[in-house]
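The values are calculated or read from the model by the stated rules, or taken from the named source; none is laboratory data. No experiment lies behind these values; they were computed from the predicted model shown. All Cβ positions, even for glycine, are placed from backbone atoms using ideal geometry, and neighbour counts span all protein chains on display. What goes into the accessible areas is simple: the full protein's heavy atoms, side chains included, and nothing from ligands, DNA or RNA. Shrake-Rupley method; radii C 1.70, N 1.55, O 1.52, S 1.80 Å.
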Amino acid sequence: MITQNFHVAVPTVFYDDEEINISGTINHIEHLYNKGVKSVLVCGTTGEQHSLRVEEKRALIKAIDNNQIVNNMEIIFGVAAIRQKDAEELAELIAVTNIAGIVLGYPPYILPTQQEAINYTKSIMNKVNKPIVLYNNPGRTGFNLSAESIISLSKYNNIIGIKDPGDEDKVAILKKEIKQQFYYYAGGEVDLEDKLMAGYNRLSSIAGNIYPKEVDDWFSYILNKNSEMGPKIINVENKIKHLYDGNVIVNIKNEISLGITRKPLGN
């Protein structure tokens, strides 16, 4: 189950030679747990998953499932690949773990048709009997899942929401046509208030890697208009703005010593 309305998208930790540091990644997840974070997204929002080989992703999945942390937190795993076969392999592995669910991204660069994307989604869905959040990210992949495709896919019980569905007009269409409970995730903190006003109702946080409690409170304040939090909000917004000045992933890793980024990031 995916029940939390706020999760932190954690960066992947790498050694100086750019090899994956699995223990370092899990240590960061445990650090967030000790800070009160209840849910994390691994291999997702931070955009590093497309630099990972399938065998690296498999090793990360197995290490998480073999760690007690998977029983203490809601762990979500990002699944996406240029080749459908690779995404299916990851989904099959996740299906037999205690990982709570997946965020399903679409292949970058190759520009599938809408029907090809729907078939890709159904194929992954058939491999993993867990909740699925679709991930629409045209700014990075070049592919934009249409409102019609999202509506069609929302009819399947284990597809529970979508991350970054699109602009205000598109969200309005989705909320009108999708009658059942459906979650709309904002990817990161940029323009969060505008997105919540447009109908988004969950957050996949990046700044939460450094400011988990502050971002959670800020999100709740905007979502619920909790006036008691008002005086603290300006300080939180300034921290987030500073973090997003430049490459946010590089800034996060530098701020809390999470190793390097794979080049060309961090050049």
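Structure summary
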read-out: Test: ILE99 is touching a residue at least 60 places away in the same chain (Cβ under 8 Å), not in a helix (DSSP H, G or I) and not basic (Lys, Arg); value: no
read-out: Selected residue [open to solvent by 20 Å² or more (accessible area, probe 1.4 Å), at pLDDT below 95 and under 18 Å from GLY47 (Cα atoms)] from ASN137, ASN129; value: ASN137
read-out: Number of positions in region 1-43 that are β-branched (Val, Ile, Thr) and assigned to a loop (DSSP other than H, G, I, E, B); value: 5
read-out: Filter result for the condition that a residue is modelled with pLDDT under 95 and within 26 Å of ILE26 (Cβ to Cβ), over GLU214, GLU237, GLU228; value: GLU214
read-out: Condition check for ASN129: in a loop (DSSP other than H, G, I, E, B), in contact with a helix residue (DSSP H, G or I) (Cβ under 7 Å, 6 or more places away or on another chain) and farther than 30 Å from TYR211 by Cβ; value: yes
read-out: Residue under evaluation ILE151, criteria (1) part of a helix (DSSP H, G or I); (2) over 19 Å from PRO165 (Cβ atoms); (3) open to solvent by 10 Å² or more (accessible area, probe 1.4 Å), criterion not met; value: (2)
read-out: Identity of the residue in region 182-211, part of a helix (DSSP H, G or I) and open to solvent by less than 10 Å² (accessible area, probe 1.4 Å), that ends up modelled with the lowest pLDDT; value: LEU192
read-out: Per-region count, region 1-24, residues of a type in the set (S, T, N, Q), surrounded by fewer than 22 Cβ atoms within 10 Å (Cβ to Cβ) and under 22 Å from VAL215 (Cβ atoms); value: 3
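To keep it simple, each residue is scored yes or no on (1) in contact with a Leu (Cβ under 8 Å, 6 or more places away or on another chain); (2) open to solvent by 60 Å² or more (accessible area, probe 1.4 Å); (3) in contact (Cβ under 8 Å) with a residue 12 or more places away in the chain; (4) of a type in the set (Gly, Ala, Ser).
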{"site": "ILE26", "(1), (2), (3), (4)": "no, no, yes, no"}
{"site": "GLY44", "(1), (2), (3), (4)": "no, no, yes, yes"}
{"site": "ILE61", "(1), (2), (3), (4)": "yes, no, yes, no"}
{"site": "ASP65", "(1), (2), (3), (4)": "no, no, yes, no"}
